Amino acid sequence: MRRTRRPRVLLPLVLVMPTIYGVSYALMVLDGRSLPAWEISAGTMVAVLVLFLFSGFLEEVGWTGYALDPLRARL
């Protein structure tokens with residue numbers, strides 16, 4: 001019988017990095033540091049998102065092709 005992961009277990013994993021970034025930003029503001037202005041255009045954000053998703057897709061395909069047969073043989 002295979003156990004499935006519950007969403008409440010995965011939620012902290014998804015929120016770790018945004019929480020770290022938020023806390024570090026808040027600490028910089030409280031410390032009085034001058035923060036750079038937000039100068040990212042919508043086009044740049046879309047391009048970064050597409051590249052991020054595309055590279056993640058390629059990584060997934062690559063690891064699946066590399067590791068699937070040995071895993072099937074072992075399990």
> How much accessible area per residue does the chain have, in Å², with a 1.4 Å probe?
Replying inline: 102 Å²
> In degrees from 0 to 90, rounded to the nearest 10, what is the angle of the helix 7-31 Cα long axis to the longest principal axis of the chain?
Replying inline: 20 degrees
> Taking 0.36 nm per residue of separation and subtracting the Cα-Cα distance, what length does fully extending A67 through A47 add?
Replying inline: 4.2 nm
> Highest mean first, what order results for 34-42, 16-24 on Cβ atoms within 10 Å?
Replying inline: 16-24, 34-42
> How much of the accessible area of the chain, probe 1.4 Å, is carbon plus sulfur, in whole percent?
Replying inline: 69 percent
> Just from its helices, what would the mean residue ellipticity at 222 nm be for the chain, if runs of 4 or more DSSP H residues each count -39500 (n - 2.57) and the sum is divided by every residue, rounded to the nearest 500 deg cm²/dmol?
Replying inline: -28000 deg cm²/dmol
>> Rounded to the nearest angstrom and ordered from largest down, what semi-axes does the equivalent ellipsoid of the chain get from its C-alpha gyration tensor (root of 5λ)?
In response: 37, 21, 10
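The values are calculated or read from the model by the stated rules, or taken from the named source; none is laboratory data. Computed from a predicted model, the values in this text were never measured in an experiment. Methodologically, a virtual Cβ is constructed for each residue, glycine included, from the backbone with ideal geometry; neighbour enumeration extends over all protein chains shown. Remember, those area values only see protein heavy atoms, side chains included, never the ligands or the DNA or RNA. Shrake-Rupley method; radii C 1.70, N 1.55, O 1.52, S 1.80 Å.
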